[in-house]
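Heads up: the structure comes next, in structure tokens.
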Amino acid sequence: MRPERDPLGQPLPDAVGPQRLVVLGSSGSIGTQTLDVAAWQGHEVVGLVGGRRADELVAQAHRWRPAAVSCAAEVADAVRPRLPAGTRLLVGEAGAAEVAAMEADVVVAAIPGFRGLAPTRAALRAGRHVALANKEAMVCAGALVWAEAQAHGARLTPVDSEHAGLYQTLLGEPLEGVAALVLTASGGPFRTGPANLAAVTPEQALAHPTWRMGPKVTIDSATLFNKGLEVLEAAFLFRMPLERIEVVVHPQSLVHALVRFHDGSVKAQLGPHDMRLPIQYALHAPERPPVPLAPLPLEGTWTFERPDTGRFPALAAAYAAGHKGGDAPLRLNAADEVAVEAFLTGRLRFTGIADVLADALAHATARTPGWDDLDALDAEARALAGEAVRRAGARGPA
């Protein structure tokens with residue numbers, strides 16, 4: 001029998017056909033794959049937010065003929081004269097928020113990092129169904145995001161492969177029977193070596209073994225901090241205590257999530273290395289329209305390992321932030337964004353990322369921020385992280 005509510009406690013929709021989509025972060029990895037799904041299923045794209053990639057945004061606008069697009073102010077002059085007739089240009093953060101609140105059936109929130117929170121909030125305040133690919137929204141403001149959704153009749157579905165896997169695995173299951181949620185991690189490019197991680201280069205860290213992602217997420221995968229963000233997101237999204245959220249390293253990346261039940265049973269969600277499947281499920285759940293992809297081969301060996309938090313302390317830092325509560329998750333997220341940028345630009349060694357995270361935790365407080373506090377706290381955390389990066393650089397290489 002079809003359940004009436006989804007695993008997040010929201011009413012399930014009736015049959016889903018072609019929809020009107022707004023795509024936030026349309027020129028990024030998730031955004032471009034969302035547009036693939038839109039083409040597969042005959043969706044209409046009514047709004048695009050594309051950041052600084054002017055050529056790609058213009059090409060998308062000509063392909064989809066949306067009512068409006070938004071871009072960063074510094075590329076507006078390169079975008080405006082090249083848009084198709086009937087497509088309006090909006091600029092900057094205000095423009096992104098306006099596009100996010102457009103009349104649409106689903107808003108795919110795929111702007112990465114803290115900057116994706118404001119347009120996600122705008123979509124929720126407009127009462128939209130938000131397919132959430134921006135994990136930082138839940139990490140930095142999980143309780144606020146849920147309150148906004150409930151106040152305005154909005155709906156949330158997860159896009160991250162792991163959270164989409166949990167969502168699918170939990171569908172129809174009474175939550176009181178759940179013992180633990182299990183997120184899988186690929187282990188990244190440094191799971192088995194080299195022994196000295198202090199000397200690895202950005203090029204090595206960006207060579208992810210299985211997934212195609214943007215540079216920030218790829219570096220976070222290399223440190224395992226991305227899995228830490230996902231642990232925090234799962235805690236807020238599914239209202240689950242951290243003690244009941246596990247991480248297991250699964251290098252093949254074909255099992256995306258598992259759920260342990262009190263009777264000892266374990267259910268898992270499997271799928272290929274293709275983010276278009278969880279994107280499509282977030283748009284259509286609980287329906288499963290066909291896709292033009294080959295079936296997943298089931299041959300081969302699948303392995304599971306415990307994560308090494310001694311080698312990858314960023315994962316432990318995320319758990320620590322969740323236990324500390326207050327503004328710790330927001331500060332940790334801000335510090336990581338600063339530290340990853342410093343690593344990518346050669347100002348911080350790879351192992352220094354975890355040192356910057358530890359410094360952020362030391363400054364965390366028990367005060368739970370409100371919406372009006374978030375920007376100031378994020379700015380303060382970034383300034384402190386910048387100081388930590390400079391101190392690490394002054395010490396020289398390890």
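The values are calculated or read from the model by the stated rules, or taken from the named source; none is laboratory data. Note that the structure is predicted; figures quoted are calculated from it, not measured. Please note: Cβ atoms are built from the backbone with ideal geometry, for glycine as well, and neighbour counts cover all protein chains shown.
Gly92 satisfies every condition listed in (1) in contact with a helix residue (DSSP H, G or I) (Cβ under 9 Å, 6 or more places away or on another chain); (2) over 15 Å from Gly50 (Cβ atoms); (3) surrounded by fewer than 18 Cβ atoms within 10 Å (Cβ to Cβ) except (2).
Taking (1) among the aliphatic types (A, V, I, L, M); (2) touching a Ser or Thr at 6+ places or on another chain (Cβ under 7 Å); (3) farther than 26 Å from Leu293 by Cβ; (4) surrounded by 20 or more Cβ atoms within 10 Å (Cβ to Cβ) in turn, Ala97 satisfies each apart from (2).
Name every residue in region 117-143 that is closer than 13 Å to Leu229 by Cβ and crowded, with 24+ Cβ neighbours inside 10 Å, in order of residue number. It would help to see each step written out before you state the result.
Step one: filter region 117-143 for residues closer than 13 Å to Leu229 by Cβ, giving 132-140, 142.
Within region 117-143, Leu132, Ala133, Asn134, Lys135, Glu136, Ala137, Met138, Val139, Cys140 meet the criteria.
Looking only at residues in region 17-36 that are part of a loop (DSSP other than H, G, I, E, B) and in contact with a strand residue (DSSP E or B) (Cβ under 9 Å, 6 or more places away or on another chain), which one is surrounded by the fewest Cβ atoms within 10 Å (Cβ to Cβ)? Break it down into steps so the answer makes sense when it comes.
Going residue by residue through region 17-36, those that are part of a loop (DSSP other than H, G, I, E, B) are 17-19, 25-28.
Adding the requirement that they be in contact with a strand residue (DSSP E or B) (Cβ under 9 Å, 6 or more places away or on another chain) leaves 18-19, 25-27.
Numbers: Pro18: 11, Gln19: 18, Gly25: 27, Ser26: 32, Ser27: 22.
Once the filter is applied, the top-ranked residue is Pro18.
Tell me, yes or no, whether region 25-47 has at least one residue that is of a type in the set (Phe, Trp, Tyr) and touching a residue at least 60 places away in the same chain (Cβ under 8 Å). Explain how you work it out, then say what you get.
Kept after step one, since they are of a type in the set (Phe, Trp, Tyr), are these residues of region 25-47: 40.
Right, trim to touching a residue at least 60 places away in the same chain (Cβ under 8 Å) and you get 40.
So far as region 25-47 goes, yes, one or more of its residues are of a type in the set (Phe, Trp, Tyr) and touching a residue at least 60 places away in the same chain (Cβ under 8 Å).
Tell me, please, whether a residue that is among the acidic types (Asp, Glu), farther than 29 Å from Leu171 by Cβ, in contact (Cβ under 8 Å) with a residue 60 or more places away in the chain and not assigned by TED's automatic domain parsing to the domain that holds Ser186 can be found in region 363-381.
Step one: of region 363-381, the residues among the acidic types (Asp, Glu) are 372-373, 375, 378, 380.
Remaining after also requiring farther than 29 Å from Leu171 by Cβ: 372-373, 375, 378, 380.
This time we only want the ones that are in contact (Cβ under 8 Å) with a residue 60 or more places away in the chain, so: 378.
Narrowing the set further to residues that are not assigned by TED's automatic domain parsing to the domain that holds Ser186 leaves 378.
Checking region 363-381: at least one residue is among the acidic types (Asp, Glu), farther than 29 Å from Leu171 by Cβ, in contact (Cβ under 8 Å) with a residue 60 or more places away in the chain and not assigned by TED's automatic domain parsing to the domain that holds Ser186.
Confirm whether Asp55 is farther than 23 Å from Ala154 by Cβ and of a type outside the set (Gly, Ala, Ser). Yes; evaluated as a whole, the condition is true for this residue. Of everything in region 249-307 that is in contact with an Asp or Glu (Cβ under 6 Å, 6 or more places away or on another chain) and buried (at least 21 other Cβ atoms within 10 Å of the Cβ), the residue that is farthest from Leu166 (Cα to Cα) is His256. Taking region 45-62 as the range and being in a helix (DSSP H, G or I) and either more than 16 Å from Gly25 (Cα to Cα) or at pLDDT below 95 (or both) as the test, only His62 passes. Set side by side, the residues Ala104, Ala110, Ala78, Ala73 differ, and just one is surrounded by 19 or more Cβ atoms within 10 Å (Cβ to Cβ), of a type outside the set (Lys, Arg) and either touching a helix residue (DSSP H, G or I) at 6+ places or on another chain (Cβ under 8 Å) or not assigned by TED's automatic domain parsing to the domain that holds Asn134 (or both), which is Ala110.
Within region 342-398, take every residue that is among the acidic types (Asp, Glu) and within 21 Å of the chain's Cα centre (by Cα) and give me the one that is surrounded by the fewest Cβ atoms within 10 Å (Cβ to Cβ). So the residue we want is Asp375.
Cβ separations smaller than 6 Å between residues 6+ apart or across chains give the following pairs from region 12-23 residues that are charged (D, E, K, R) to residues that are at pLDDT 85 or above and in a strand (DSSP E or B): Arg20/Glu44; Arg20/Val46.
Where residues in region 191-213 are aliphatic (A, V, I, L, M) and touching a residue at least 24 places away in the same chain (Cβ under 8 Å), which of them is surrounded by the fewest Cβ atoms within 10 Å (Cβ to Cβ)?
Quick first cut of region 191-213, residues aliphatic (A, V, I, L, M) only: 195, 197-200, 205-207, 213.
The next check asks that each one be touching a residue at least 24 places away in the same chain (Cβ under 8 Å); those that pass are 197-200, 205, 213.
Working: Leu197: 20, Ala198: 11, Ala199: 13, Val200: 18, Ala205: 24, Met213: 19.
If we take residues in region 191-213 being aliphatic (A, V, I, L, M) and touching a residue at least 24 places away in the same chain (Cβ under 8 Å), then Ala198 is surrounded by the fewest Cβ atoms within 10 Å (Cβ to Cβ).
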